[in-house]
1. Taking Cβ-Cβ under 4.7 Å as the only way to count a partner, pick out the unpartnered cysteines of the chain.
2. Under 5 Å between amide H atoms, partner at least 5 residues away or on a different chain: which partners does PHE409 have, H built in plane at 1.01 Å?
3. Kindly list the residues of the stretch 533-574 that lie in the label zone of SER491, defined by a backbone N under 20 Å from the point 7 Å along the Cα-to-C-beta vector.
4. So for each of 385-391, 460-466, 62-68 I average, over its residues, the number of other beta carbons within 10 Å; can you give me the resulting order with the highest mean first?
5. Which net charge results when you count Lys and Arg as +1 and Asp and Glu as -1 among the other residues whose beta-carbon is under 11 Å from that of THR79?
6. In terms of Cα to Cα distance under 18 Å, which aspartates and glutamates are near enough to LYS146, apart from those fewer than 8 places away along the same chain?
7. Roughly what % of Cα-Cα distances in the stretch 489-543 sit above 19 Å, to the whole percent?
8. Using a Förster distance of 60 Å, how high is the FRET efficiency between GLU482 and ASP51, based on the Cβ-Cβ distance and rounded to 0.05?
Amino acid sequence: MATINEFKDGLQMLEEATGDAERIQEQVLGQILKKNAGTEYLSQYLNGKTDMLLFKKNVPIVTYEDIKPYIDRIANGETSNILVAEPIVEFHRSSGTSGGQPKLIPVTAEISNLGALYFTLMTSVMNKHFGNLYQAGKRLEFMFAKEDSETPSGLKARSSSTSFYKHDRFRKVISKHSTSPIEAILCSDTNQSMYCQLLTGLIKRDEVVSVASAFATVVLRAIKFLEDHWEELCSNIRSGEISDWITDSGCKDALSSIMKPNPQLADSIQNICSCKSWEGIIQKLWPKAKFINAVTTGVMSQYVETLEFYGGGLTLVSVFYACSEAFCGINLEPLTGPSHVSYTFIPNMAYFEFLPLNKDSLTIAQEDVETEPVDLVHVKLDQYYELLVTSVAGLYRYKVGDVLKVTGFHNSTPQFQFVERQNVILSIHTDKTSEEDLLKAVTEAKTHLEPLGFISRGYTSYADTSSIPGHYVIFWELKAKEGNDNQELDSKIMAECCYRMEESLGYIYRSNRKQNAIAALEIRVVKQGSFDELMDYYVSRGTSMTQYKTPSCIKSKEAINILDSKVMSKFFSP
């Protein structure tokens, strides 16, 4: 497969790859089959042949549960050639927050090479629109490694972000281009890590040209942490000494090299943070920052309003679309607003197929729409699809679970809008509410919060079937733009929020409500910091904080109990 050295730069490679997508996709699949047709998994369908038409005819479309027995065998010590000819070097552990247990995704050396290429392409796109960022300054990016676990075979299992952070290539880049010390990134205590990354970011505030994390949730977690600790941080900067509770040796060593008394800087930060309103706080603290770089598409779009409040006019950039299974697409127009972001798929990252979905119900398409998977270059404008991936690391026609919509083409390569995760729904009776349905309902309800001076800091939901009929419960954390976050909410307006959510949930839901098959929707407003505790719960169970996405729907009784214990008030649809 092509490498970056074969092209003058990343932009030229993108143009050439997207202009020749069909040939490159055939080449990618051909090479995968040539290498792996003799594996135990593929040989039962291909008999050692490498014919692409035979692959599409015989190799089944699978979910993780279908291939889990093969992966488990490798994790338990059998050879990699059960699935892939090239040795598996580690497993990437998915976050597990999108609805289910974390998955083990096999990784080969070639995956690491593709990752380096993907990062280079993204950097080329960003430099095109924002200039050479590395020459202009440094990024304040909140990154958190997770401790590795080990499978019985001795292979490591870790999040894809942790694997990236521990690579030698990353260590060279981070020391030059980020304010966050590698020692803090690798610290297993997320609170000490966050404190250290914020402290170094504040000390180097005049060098910061962007504020970032993989997902919007982590940027907002950092802001909430700053709200709770800014006085202590200012005290550290003023005295040149770190707090006693910072005990991690790596964090202490990293801070000791830059800490010195700076009363003037402490006073400047204190004056900014002590203001009545934190509107525009990111721009005020880091005046040279040009943008906030974090995924704000799909369910992450719920955080756009809050990021804009704290960002003070900074551009919100969502540049990448990737998953534990594959690197997929890049946003070639990063200045586009979050609601209009589309990702151009990169043809040489994996072999991509797309399963057509019914536009209205997002189920497998029927009759009038082709139901067989289509290739990358044969998708249709405005059609919805579920993504299938065939990777170089032993995944074949694998259902990622992401729902995408075709929004256009760049050269011969389609561009997709991320819509939602396929398997996250609420259901009480015959209703089926998707992640996107719920997001639209909450977005509609948020418009009624404006008279109260509140913005949303996050939501999640669950189907409460403890009584008959069951009903939808929405947990909501609200932030006052000014003043007391715990001020009493207007019950009439909150009831209207409940009603507006129900009105936007679709015909089947409303029909069930009228027939009393579903009880009234309930909003439970939780205390400040409740969603941070939810994040901590998932992190404690193995999720990487860097890759954490607040689940739209929670099914864990423990997670529900955490939020229930933080409820301040309850409201029902009239």
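The values are calculated or read from the model by the stated rules, or taken from the named source; none is laboratory data. These numbers come from a predicted model, not from an experiment. Heads up, the Cβs are rebuilt from the backbone with ideal geometry, glycines too, and the neighbour counts pull from every protein chain shown. Protein only, heavy atoms only, side chains kept; ligands, DNA and RNA dropped before computing areas. Shrake-Rupley method; radii C 1.70, N 1.55, O 1.52, S 1.80 Å.
1. Cys with no partner Cβ under 4.7 Å: CYS187, CYS234, CYS273, CYS275, CYS323, CYS328, CYS497, CYS498, CYS553.
2. Here the answer is GLN415, since their amide H atoms fall under 5 Å of that of PHE409.
3. In the stretch 533-574, the label zone of SER491 (backbone N under 20 Å from the point 7 Å along Cα→Cβ) covers 567-574.
4. Values: 385-391: 23.0, 460-466: 16.9, 62-68: 14.9.
Answer by packing, highest mean first, reads 385-391, 460-466, 62-68.
5. -1
6. GLU90, ASP168, GLU183, ASP189, ASP248, ASP532, GLU533, ASP536
7. Percent of Cα pairs beyond 19 Å in the stretch 489-543: 52.
8. After rounding, the FRET efficiency stands at 0.35.
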